[in-house]
């Protein structure tokens, strides 16, 4: 079998001969046919139960339970990249996310007030609604009268700023003896 040298666009190409070229082409065609005949194994999507826990600075925890069908693990992990895996077992995962804000529930319903001498968060106006969370005992004798009136009426909590401002303001009136008892 003879060899023929050919230069195409500065590249030296060796043509082996008609029989050799046909053999190479047959080999390439066979490889393509083999690739085309290989069955593609489709992986069934994975379905798991998820619990998403969102923790807010006011102590409120919101839980969402859902069923997630996972077609791509890469997509799944990128969707929950801001979440921390707390529990994982076959067919179930529990994620947690810390949110540096007060809960939507507190923004909608929360009021600071006073109950039994303690700074307390109420669900609604303090005179009418139930206490949700108590913080610390306030020395009401040291408390300025206008601040005491505000607590009795209820101080609406609309934002994280409101929440932290009220806690800081009344911390200076904290009764140290009552806290330890």
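The values are calculated or read from the model by the stated rules, or taken from the named source; none is laboratory data. All values reported here derive from a predicted model rather than from experimental measurement. Using ideal geometry, Cβ is built from the backbone for each residue, glycine included, and neighbour counts are taken over all protein chains shown.
Odds and ends about this structure:
- Residue satisfying all of: in region 166-181; surrounded by 11 or more Cβ atoms within 10 Å (Cβ to Cβ) and farther than 13 Å from residue 140 by Cα; modelled with the lowest pLDDT among these: 179
- Within region 113-163, if we keep just the residues that are assigned to a helix (DSSP H, G or I) and crowded, with 19+ Cβ neighbours inside 10 Å, the residue that is modelled with the highest pLDDT turns out to be 163.
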